[in-house]
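The values are calculated or read from the model by the stated rules, or taken from the named source; none is laboratory data. All figures in this text were calculated on a predicted structure; none of them were measured in a lab. Positions of Cβ are generated from backbone atoms using ideal geometry, with glycine treated the same way; all protein chains shown enter the neighbour counts.
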Amino acid sequence: MKTYRRFAVVVFALLAVAAVARWALIWPTAAESGSSPAEQQSTSRVVAQQTPGVPVGTPGPTTELLKMMAVDKPDFGIKVVRTFDASGKPAYETKGGDLFFFTNASVSYNSTADKPMIIVINAKARKIVAVADIDMPSTPHGITLSPDAKYIYLPSGPSTANVVRGRAEGFFGGPGSFGAPTAVVDTKTLKLVALIETGGSTHHTQVFADRYVMFDSFRGPLPIFLLDPATNRVVRGIPAGDFNGRPYIAFPSPDGKFIYVTVRPGINRDASGREIDGWVSKINAETMQEVATFPVGPGPVWIAITQDGKTGYVTLGPTNKLVKLDLERGRILGIAPTGRGPYGIRLSPDEKIAYVANKGEGGNGQKGATFAAIDTNTMSIVREQLSCPDGLCQADHIVLSPDGKELWISNNMGSITVFDRETLKLLSTIQTPKLGDPHGGTFVQVAADNRSAKVVADIGGPHGGVSPYTAVAAAPADRPSNALAVIAKDFKFVPATLDVSPGQKIVFEFENRDEADHNIVSKEAAFQEVVLGGSQRKTVAWTAPSKPGTFKFVCTYHRGMEMTVNVK
């Protein structure tokens, strides 16, 4: 038995060496490619499979191989490699009920800083209350906190020293730029607690299910993994070998059952030079197994998911588009134009508007300066405006405030801008020290007794039981009290039966969830025809007949598609 185990260990080691070698072939350094990972273009599995000799996907052992080797819970070398004394006086004062916004400020782009920073903002006053230099070997591209807000996690971007040197010499990063440890920082003292080796370069991070911290990683053995903040150990993850492509960023469904990952294949263009499509990978969050893949178009970046988990909105950086995606069947329900190089997304509390940061991603030179409000029903731009007063912004992430009233936008060129969500009026511009480069942020609510705190919102959405989406679902302010929802789905009306009172005034809220067009009409009930295009919504007022009776509402396009309204 020992001999077999030794053999398994040797095989695993050889596979790891081969994986690293293959990884180097697929992922050129920033200096070799001339861009950061965020600027690399997408590719397609379908075309790549038709192109012999081209390395596709990410290397490393698959889940099945690990099972064969009897490796039950591998940590893939993700572990704490150094700890620090983080004791000391609090870096800022708190009181019961305070709301803080934590963001990072890295040394990238036009920053003059030589060390990454953590910035703490009083969200109600919109004032910086603390700034701390973090002596870590990499410059972070994002931030989140443990659900209990005791620790800050800073993903490991490019080497800090190389980026500082590159700013002076006119390039981004350099050989060996990636793979630095992820930092853990004490939230109160803003001092380093630990460095975690991940085998790659962690990119974005967010709270998962109010229990774990989720990371996505470039070049690492686990492109997506969950970390337990109580132990800083891997709970579970998706091995690189399970992806037939390059994962970019992941977001969980609101119920935590699935994780959706935007993925790009291993080459950028086909033989004709055409930009090749990427896809969204649907992952079972418990088993970490891929259950479906949905093609969406070139260079998928971000995905925002509706609260019912049925619809996703995906930004396509290279083509300046927002895709509306059915997350159950994988159908594209609509495509909207955006500004230059769309990146981060946040949905309004009623999910009628998608707010999109136009960063300039995907061949747009990272020169975006706007954000757009897009109607999710018509898939058209309602309004596009600058994300900072002078237009020198490069907006990338949008975080919705816990009350749903404000949009907090991180601008890579040294600022956080706060907008009124409904009017899109600029409320505040918060300049980062030394033009530090912020990426996203996390809202933390202090308990009334000032003894604890919790994360209530980050780039992934609401947390900690505080949600503007829940409030809208419970009592929509603009929804009439006499509204009745009728959904056309799978060539049926839901509900199939409605009971109303004689003479009752009704506001029907029709929604067509099929791709096919439907109509609904009832001559006997004096209900005029309403036509619903694929994925369309309409609101129609109607007064029920004054006399009791049973009335059929039918779709004349599709036989047998009907609804019964009982007036009694």
Looking at (1) out of contact with any His (no Cβ under 8 Å at 6 or more places or on another chain); (2) buried (at least 19 other Cβ atoms within 10 Å of the Cβ), find the lone condition where Y343 falls short. (1)
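Yes or no, residue by residue, for (1) touching a Gly at 6+ places or on another chain (Cβ under 8 Å); (2) among the polar types (S, T, N, Q); (3) in contact (Cβ under 8 Å) with a residue 60 or more places away in the chain:
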{"site": "G278", "(1), (2), (3)": "yes, no, yes"}
{"site": "P300", "(1), (2), (3)": "yes, no, yes"}
{"site": "I303", "(1), (2), (3)": "yes, no, no"}
{"site": "G312", "(1), (2), (3)": "no, no, no"}
{"site": "G344", "(1), (2), (3)": "yes, no, yes"}
{"site": "D350", "(1), (2), (3)": "no, no, yes"}
Which numbered condition L316 fails, given (1) surrounded by fewer than 23 Cβ atoms within 10 Å (Cβ to Cβ); (2) closer than 20 Å to P342 by Cα; (3) not basic (K, R): (1)
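Condition first: assigned to a strand (DSSP E or B) and farther than 29 Å from I332 by Cα. Now tell me which residues in segment 530-551 satisfy that.
A541, W542, T543, G549, T550, F551
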Could you list, ordered by first residue, the pairs with Cβ atoms under 6 Å in which the first is in segment 210-238 and more than 23 Å from V444 (Cβ to Cβ) and the second is of a type in the set (S, T, Y) and buried (at least 22 other Cβ atoms within 10 Å of the Cβ), at least 6 apart or interchain? S217/T198; S217/T202; F218/S201; R219/S201; G220/T198; P223/S217
In segment 514-529, residues that are farther than 26 Å from R329 by Cα and either in contact (Cβ under 8 Å) with a residue 12 or more places away in the chain or assigned to a strand (DSSP E or B) (or both) total 8
Which one of A473, A477 is modelled with pLDDT under 85, closer than 30 Å to L407 by Cβ and either in contact with an Asp or Glu (Cβ under 8 Å, 6 or more places away or on another chain) or not in a loop (DSSP other than H, G, I, E, B) (or both)? A473
Determine which single condition G503 fails, assuming it passes every other condition in (1) outside any strand (DSSP E or B); (2) in contact (Cβ under 8 Å) with a residue 40 or more places away in the chain; (3) at negative phi. (3)
In segment 446-465, the residues that are of a type in the set (A, V, I, L, M, F, W, C) and either assigned to a loop (DSSP other than H, G, I, E, B) or more than 14 Å from the chain's Cα centre (by Cα) (or both): V446, A447, A448, A453, V455, V456, I459
Residue identified as modelled with pLDDT under 90 and among the polar types (S, T, N, Q) among S467, S522, S501: S501
Hey, can you tell me all the residues within segment 365-378 that are at negative phi and either surrounded by 19 or more Cβ atoms within 10 Å (Cβ to Cβ) or in a strand (DSSP E or B) (or both)? G368, A369, T370, F371, A372, A373, I374, D375, T376
Does segment 379-430 hold any residues that are assigned to a loop (DSSP other than H, G, I, E, B), in contact (Cβ under 8 Å) with a residue 12 or more places away in the chain and more than 26 Å from V466 (Cα to Cα), and which are they? M379, S387, C388, P389, G391, L392, C393, Q394, N412, M413, G414
Checked segment 223-240 for anything modelled with pLDDT of 90 or more, part of a loop (DSSP other than H, G, I, E, B) and either of a type outside the set (A, V, I, L, M, F, W, C) or surrounded by 21 or more Cβ atoms within 10 Å (Cβ to Cβ) (or both); matches are P223, P229, T231, N232
Looking for something touching a helix residue (DSSP H, G or I) at 6+ places or on another chain (Cβ under 8 Å) and either modelled with pLDDT of 85 or more or assigned to a loop (DSSP other than H, G, I, E, B) (or both) - is there at least one such residue anywhere in segment 159-171? yes
Unique match (being aliphatic (A, V, I, L, M), more than 24 Å from the chain's Cα centre (by Cα), surrounded by 15 or more Cβ atoms within 10 Å (Cβ to Cβ) and within 21 Å of F371 (Cα to Cα)) among L407, L435, L424: L435
Please state which of the following conditions Y557 fails to meet, knowing it meets all the rest: (1) closer than 28 Å to M379 by Cα; (2) modelled with pLDDT under 90; (3) part of a loop (DSSP other than H, G, I, E, B). (2)
Test result for A292, assigned to a strand (DSSP E or B), of a type in the set (G, A, S) and surrounded by 19 or more Cβ atoms within 10 Å (Cβ to Cβ): no
